[in-house]
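Participant: Take this structure first; my questions come after.
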Amino acid sequence: MEPPRNNHGPLDGYRVLDFGWVLAGAIPGMVLADMGAEVIKVESRQRLDYMRLGRPIVGDQPDPEQHPMFHNVNRNKLSITLNTIHPQAVELARKLVAHCDVVIENFSPGVMDRLGLGYEDLRRIKPDLIMASISSTGQTGPLRDLRAYAPSIGALAGLDSTLGYEGGRPLGLKHAYGDICGALHTVFAIVAALYQRQRTGRGQYIDLSMLRATVATQGLGLMEYIMTGRVMRPRGNYDPTMAPYGNYPCAGEDRWVSIAVATDEEWQGLKAALGSPAWTADPKFASRYGRLKHRHELDQHLAQWTAGRSAEAVTELLQSHGVAAIPVMGAEERLFNPHFRERGLYADIEHPALGAEPIFNLMWNLSRTASAIRRHAPLMGEHNRQVFCGILGMSEPELQALEEAQVIY
C-alpha cells in the first residue's frame, strides 16, 4: 500500500522521479516540491551529486550532508540511493516510474537511453509520463555532445560578450545564469505538459536546451542587431535611455548606491535633492540627449556627491524626490533586510547536520494554494525504506539484501 502523499500546494497529488543533479537539474524538482508535488531524488554513493561535495561547515572531514546550496535546492525532497551500474538498480528505477507522473534528468544526451531509462523506454511503462531532459545545447543538433557548464552557456549564447567595461574585453557573467534560466524554463514546460495531460490524457517529452533558454532572455541584443546591424558590446553600466545610471560610491568600506534617472521630471527631482549645485545648471545636462552624451562627466559629479554620504541616506533623500535609488546589498543585508523578512524571502529550516539555516523561498506567493518549505533537504538515502517498501512493496529482508549488494547504495 502506497504511503499517503502530502496535501499542500497546487501540485498536491503529483509524484516526480528526480534524477537531476547539481544546480540546473535540482531546481525544477525543488520548485515542484515547494508547490506540493512529492519529489523523489535519485542519488548514488557511487558518484555523489557535486553539490554534496566541498569543504565542511562543521569539522574538518568531508561530509556530504553539509553543503548549504544542496540544502537550498533540494528541500522538501525525498532521497533514495540507486547504484545504476547494477541492472537491478535500473529495474527498480523503472518500477518507480510506473508510480510517477514526471521524470526529470540533466545528464549528457544519451546517458538515460544507454541505461534503459530513456523516454521511449519509460513511456512503455507509463504511457502518460512527462519526462524533461535538461542539457547544455539540446538532445539533437551538431552541438549535442558539447561539454559545457553554465559559464560556457553564457559565452555560447552571446551573453558574456555584452558584459564588461566600456571599451574593454568581455568579462562575462560569473554566475550560473544558464543553469537557473534553463531550470526555470523547465518548470514552466513541465507545468504546461501536466495541464495538457489533464485535458488529453497524453504525456510528452520535454527537450530543454539551456543555450536556447539563455538566448531567449536576450531580446534586446537580438533586436538591436536585426534592426540596426549593430552588435552589442561591453558598455559597463551604460543604458541607452537613462542618465545618470549606475552604482555610485558611498561613505564606508565598499558601500554603493544604485541610481537611475529616466525622465526630465526625475532629473529635476535629482537636482532638487542635491540642492541644485552649479554643475546641474550646465546646459549640456538640460536634456536627456545631453545627459547621455556627457554621461561620464555626469557620473563624476554625482559620485563626488554620493561619496560623502551613506547609501541609506542617499536612498532616502532621492526616493523622497521621486528618484529611483537603492543601496547595493550584500548577502548579509538581504538576509536581515526588514522588507525581505516581512515578505518571507528566507525561511529558517532546521537541518540535522547544521542546525537552523536560512533557505530561500519561492519567488511567488499564491493566495489560495501557498507553496511552503515543509522539511529540510534529505540525508542521502534517508527515504529508501519509505519509497522501496512503501511504494514498491519491498520487504525489509529484500531491502537489506539490496543494500548489502550495493544495488541500493
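Throughout, read-outs are computed from the coordinates displayed, never taken from laboratory work. No experiment lies behind these values; they were computed from the predicted model shown. Using ideal geometry, Cβ is built from the backbone for each residue, glycine included, and neighbour counts are taken over all protein chains shown.
Participant: Any aspartates and glutamates with Cα under 16 Å of the residue 293 Cα? List them, leaving off those in the same chain fewer than 8 positions away.
Facilitator: 166, 239, 264, 282
Participant: Which net charge results when you count Lys and Arg as +1 and Asp and Glu as -1 among the other residues whose beta-carbon is under 12 Å from that of residue 341?
Facilitator: Net charge around residue 341: -1.
Participant: List the relative contact order of the chain as a percent without decimals, with contacts defined as Cα pairs under 8 Å and 6+ residues apart.
Facilitator: 20 percent
Participant: Share of antiparallel DSSP beta bridges in the chain, in percent to the nearest 5?
Facilitator: 40 percent
Participant: Give me a comma-separated list of calculated 3J(HN,Hα) values for segment 257-264, in order, Karplus coefficients 6.51, -1.76, 1.60 applied at θ = phi - 60°, integers in Hz, x for any Gly or Pro.
Facilitator: Couplings: 10, 8, 10, 9, 10, 9, 10, 5 Hz.
Participant: Compute the distance from the alpha-carbon center of segment 1-73 to that of segment 336-409, in whole Å.
Facilitator: A separation of 7 Å, based on Cα centres.
Participant: If I model a spin label as a point 7 Å beyond the Cα along the Cα-Cβ vector, how far apart are those points for residue 319 and residue 303 in nm?
Facilitator: With each label placed 7 Å out from Cα toward Cβ, I get 2.5 nm.
Participant: Still on this structure, please answer the following. Placing unit charges on C-beta atoms (Lys and Arg positive, Asp and Glu negative, everything else neutral), compute the dipole magnitude of segment 245-330 about its Cα centre in debye, rounded to 20.
Facilitator: Rounded to the nearest 20 debye, it is 260 debye.
Participant: Sticking with this one: GNM on the chain, C-alpha springs below 10 Å: top fluctuator among 28, 64, 352?
Facilitator: 352
Participant: Work out from phi, with θ = phi - 60° and the Karplus expression 6.51 cos²θ - 1.76 cosθ + 1.60, the ³J(HN,Hα) of each residue of segment 397-409, listed in order in whole Hz, and give x for Gly and Pro.
Facilitator: These are the phi-based 3J(HN,Hα) values: x, 5, 4, 5, 5, 6, 5, 5, 7, 6, 7, 8, 7 Hz.
Participant: Something else now. Read through the labelled values (i) 0.98; (ii) 1.05; (iii) 1.11 and report the label of the one computed as Rg/Rh (Cα atoms, Kirkwood Rh) from the structure.
Facilitator: The calculated read-out lines up with (ii).
Participant: Tell me, Kirkwood radius of segment 245-330 from alpha-carbon pair distances, in Å? Numbers along the way, then the final one.
Facilitator: On the way: mean 1/r = 0.0780 Å⁻¹.
Result for segment 245-330 stands at 12.8 Å.
Participant: I'd like the distance between the alpha-carbon centres of segment 83-97 and segment 273-315, rounded to an integer number of Å.
Facilitator: 65 Å
Participant: While we're on this one: Lys and Arg at +1, Asp and Glu at -1: add these up for the other residues within a Cβ distance under 12 Å of residue 221 and post the number. Each step should come with its number before you reach the end.
Facilitator: Numbers: positive: 230, 233, 235; negative: 160, 224.
That sum, taken over residues with Cβ under 12 Å, equals +1.
Participant: Then there is this: Roughly what would the spin-label model give for residue 155 and residue 329, points 7 Å off Cα along C-beta, in nm?
Facilitator: Taking the two extended label points, one gets 3.3 nm.
Participant: To the nearest 0.05, how large is the calculated FRET efficiency for residue 53 and residue 348 if R₀ is 22 Å and r is the Cβ-Cβ distance?
Facilitator: Rounded to the nearest 0.05, the efficiency is 0.30.
Participant: Another question, then. Tell me the label-point distance for the pair residue 225, residue 85, using the 7 Å Cα-to-Cβ offset, in nm and rounded to one decimal.
Facilitator: 4.4 nm
Participant: Near residue 185, within a Cβ-to-Cβ distance under 13 Å, what is the net charge of the other residues, with Lys and Arg +1 and Asp and Glu -1?
Facilitator: Once positives and negatives cancel, what remains is -1.
Participant: Also, quick follow-up: Could you give the length gained on full extension between residue 99 and residue 202, defined as 0.36 nm per residue of separation minus the Cα-Cα distance, in nm?
Facilitator: 35.5 nm
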